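To start, the structure under review is shown below, and the notes come after it.
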Amino acid sequence: MKRFKYVLPFCLLVLCIGIASCGPDAEELNNSGTEKLKSGDFDGALEDFSKAIEKEPEEAEAYLHRGYVYGNRGELQKALEDFDRAIALDPDYIEAYYNRGFIYHYFEDYENAGADFDKVIELDPKDTEAYVFRAMNHARLKNTEAEVADLKMAAKLGDSAARSWLEENGIAWDEEEGQTESEKESAEKKTEE
C-alpha cells in the first residue's frame, strides 16, 4: 500500500504534463496567427500570438507578429512594447527595427526613428526602403543634406521614386557621372547628332 501512495501522484503528474503538451506548439500557433492576420482576423491572430508567447516567451517572432496586430488595431504603445521585446531577444531583427521606427516616426520621435532606420541600414546596407524612410525622417528634422544623401543612395540602389524626385528637383544622383538620368539621356542624344 505504501508503494501506491507514490504511484498515484506520479501518474497524475504524467497525465497533467501530457495534457499540457497537447495542442499546438508555439510555431503552429505563430503560423496560425500569421494566417489570421493576413485574413484580417486580428482578434484570432492576437490570441494565437499571445498563446505562442506563453509557450515560448523567448521567441522574438511571436512578439513581432503580435506587434503587427497591435499596430493594425491602433494600439501603438503595445505594438512598440512588443517590437522592443523582439529586439531585446534578437538584436539583429530587421523587421522589428523597421516597425518600431515607423511607430517612433508616427509619434514624432524622429531621433529614435532615425536610430532604428540607421540600424536597419547597418544590418542591410542595400535596403533601399530604409534609405527612403530615413530620408523622410531627415526631412522632418529639416536636415536637407542628410535627406538628399539618403535619397541619392536609394536611387543608386534602384529606387525609381527616389530617382524621380531627385531628377524633378535637378539633383544629380549618379555621383560618378555627376548627372541625372535625364541629363545623361540629353548628352547621349547630342552625341548621336
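The values are calculated or read from the model by the stated rules, or taken from the named source; none is laboratory data. Just so you know, these numbers come straight off a predicted model, no measurement behind them. FYI the Cβ positions are ideal-geometry reconstructions off the backbone, even for glycines, and counts take in every protein chain you see.
The table below lists the values:
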{"quantity": "Odd one out for D48 among (1) surrounded by 14 or more Cβ atoms within 10 Å (Cβ to Cβ); (2) under 30 Å from N137 (Cβ atoms)", "calculated": "(2)"}
{"quantity": "Unique residue being crowded, with 16+ Cβ neighbours inside 10 Å and either polar (S, T, N, Q) or closer than 21 Å to N31 by Cβ (or both) when the list is Y68, Y110, Y97, Y104", "calculated": "Y68"}
{"quantity": "Cβ-Cβ under 7 Å pairs, at least 6 apart or on other chains, the range 155-168 side on the phi > 0 side of the Ramachandran plot, far side in a helix (DSSP H, G or I)", "calculated": "G158/T128"}
{"quantity": "Selection from the range 154-173 of residues that are among the aliphatic types (A, V, I, L, M) and over 15 Å from A139 (Cβ atoms)", "calculated": "A155, L157, A172"}
{"quantity": "Qualifying residue in the range 142-151 (condition: assigned to a helix (DSSP H, G or I), among the basic types (K, R), over 16 Å from the mean Cα position of the chain (by Cα) and over 13 Å from Y97 (Cα atoms))", "calculated": "no"}
{"quantity": "Where a residue in the range 123-144 is touching a residue at least 12 places away in the same chain (Cβ under 8 Å) and its partner, wherever it lies, is among the polar types (S, T, N, Q) and part of a helix (DSSP H, G or I), with Cβ under 9 Å and at least six apart", "calculated": "H138/T144"}
{"quantity": "The lone exception for L64 - which of (1) in contact with an Asp or Glu (Cβ under 9 Å, 6 or more places away or on another chain); (2) at pLDDT below 95 it fails", "calculated": "(2)"}
{"quantity": "Residue count, the range 108-131 (criterion: under 14 Å from the mean Cα position of the chain (by Cα) and assigned to a loop (DSSP other than H, G, I, E, B))", "calculated": "2"}
{"quantity": "Residue check for E81: at pLDDT below 95 and closer than 27 Å to D124 by Cα", "calculated": "no"}
{"quantity": "Tally of residues being under 24 Å from R73 (Cα atoms) and of a type in the set (G, A, S) across the range 97-129", "calculated": "2"}
